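Contents: one structure, followed by commentary.
The values are calculated or read from the model by the stated rules, or taken from the named source; none is laboratory data. If you're wondering where the values come from, they're calculated on a predicted model, not measured in any experiment. Please note: Cβ atoms are built from the backbone with ideal geometry, for glycine as well, and neighbour counts cover all protein chains shown.
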Amino acid sequence: MNSITNWIKSHKIASGGCGCLVVILFLAIAIGGWMKASYNEMVKLDESVSTAWSNVQSQYQRRADLIPNLVNTVKGYAAHEKETLEGVIAARSKATQMTIDSSNLTEENMKKFQQAQGELSNALGKLLMVQERYPELKANENFSELQAQLEGTENRIAVERNNFNKVVEEYNLKVRSFPNNILAGMFGFEKKSKFEAEAGSEKAPEVKF
C-alpha cells in the first residue's frame, strides 16, 4: 500500500513540474514575441526620424545653395552694401558648418542648429530689404527668380520641420512609455529633440515682389 501511495505522490509532483515548465515556456515565448515586435517598431520609428531629418537638412541645404547667386546679384547693383553682404556670407558659412547626425539629436545640438539657421534667416531678411533702395535691383528678373525660389524653399523648410516634429513625437512616445522604455534602455534608443519655436529666430524672411 505504501508503495502505491508513494507512486501516486511522485506522479502528482511530476505532473505539477511539467505544468510549471509549460507556463514558463509560454511566458518566455510571449515575452520574446513582445520584445521582437517592440524592438522592430522602435527601429522603424528611428529610421523614420532619420529620413525626416534628412529631408529637413536637404531643404536647408537648398536654401544655402541659393545664397551665392543671390549675393552676387545684389552685389552687382549694391556693391557698397558691404556689411549686409558680408553678414549673409558669414551666417551661411556658420549654418552650413553646423551639421547633426540623426543619431545625435540632443537638445543642446538642436539649439545650436536652430540658432545658426535662425541667424541666417535674419541675415537673408536684411539682404532682401536692400532691394527697396535699388529700383533696378528690384526689377531684375534674376533677382526676382531667386526670391521666388527662396520663398518656395522657406515654405518647404516649414513643412519638413513640422513633419520631423511629428515623427520625433511618435518615436519619443514609443521609447519613453512603459514597458517599452525598459527595452529602449537596453538597446540604446534614446529620446530625440524636436524643433522648438523661438520668437523671431526661425521666422522665414519676408519676400516681396
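Scanning segment 84-112 for residues that are touching a Phe, Trp or Tyr at 6+ places or on another chain (Cβ under 7 Å) and of a type in the set (Val, Ile, Thr) yields a single hit, Ile100. Looking at Thr99, is it closer than 24 Å to Thr51 by Cα and among the β-branched types (Val, Ile, Thr)? Judged against the criteria, Thr99 is a match. Exactly one residue out of Lys194, Lys166 is loosely packed, with under 15 Cβ neighbours inside 10 Å and within 12 Å of the chain's Cα centre (by Cα): that is Lys166. Answer with yes or no whether Asp101 is farther than 30 Å from Ser177 by Cβ and of a type outside the set (Gly, Ala, Ser). Considered against the rule, which asks whether it is farther than 30 Å from Ser177 by Cβ and of a type outside the set (Gly, Ala, Ser), Asp101 comes out as no.
Residue pairs whose Cβ atoms lie under 7 Å apart, separated by 6 or more positions or on different chains, with the first residue in segment 36-63 and over 30 Å from Leu146 (Cα atoms) and the second outside any helix (DSSP H, G or I), are Met42/Phe189; Asp46/Phe189; Val49/Lys192.
Within segment 170-194, being under 18 Å from Lys36 (Cα atoms), touching a helix residue (DSSP H, G or I) at 6+ places or on another chain (Cβ under 7 Å) and either of a type in the set (Ser, Thr, Tyr) or in contact (Cβ under 8 Å) with a residue 24 or more places away in the chain (or both) holds for Tyr171, Lys174, Val175, Asn180, Leu183, Ala184, Phe187, Phe189.
With the structure loaded, tell me whether Asn122 is in a helix (DSSP H, G or I), under 14 Å from the mean Cα position of the chain (by Cα) and polar (S, T, N, Q) or whether it fails that test. So that I can check it myself, show each step before the final result.
Working: in a helix (DSSP H, G or I): yes; under 14 Å from the mean Cα position of the chain (by Cα): no; polar (S, T, N, Q): yes.
Answer is no for this residue.
Within segment 93-103, being in a helix (DSSP H, G or I) and out of contact with any Leu (no Cβ under 6 Å at 6 or more places or on another chain) holds for Ser93, Lys94, Thr96, Gln97, Ser102, Ser103. From the list Ser93, Ser102, Ser48, the one residue that fits, being at pLDDT 95 or above, within 21 Å of Lys191 (Cβ to Cβ) and within 22 Å of the chain's Cα centre (by Cα), is Ser48.
Give the residue that is surrounded by the most Cβ atoms within 10 Å (Cβ to Cβ), with candidates limited to residues of segment 77-86 that are assigned to a helix (DSSP H, G or I) and free of Cβ contacts under 8 Å to residues at least 24 places away in the same chain.
First, pick out the residues of segment 77-86 that are assigned to a helix (DSSP H, G or I): 77, 82-86.
Then keep just the ones that are free of Cβ contacts under 8 Å to residues at least 24 places away in the same chain; that gives 82-83, 86.
Values: Lys82: 10, Glu83: 8, Glu86: 12.
Among residues in segment 77-86 that are assigned to a helix (DSSP H, G or I) and free of Cβ contacts under 8 Å to residues at least 24 places away in the same chain, the one surrounded by the most Cβ atoms within 10 Å (Cβ to Cβ) is Glu86.
Only a single item in (1) part of a loop (DSSP other than H, G, I, E, B); (2) of a type in the set (A, V, I, L, M, F, W, C); (3) crowded, with 19+ Cβ neighbours inside 10 Å is not met by Leu45, and it is number (1).
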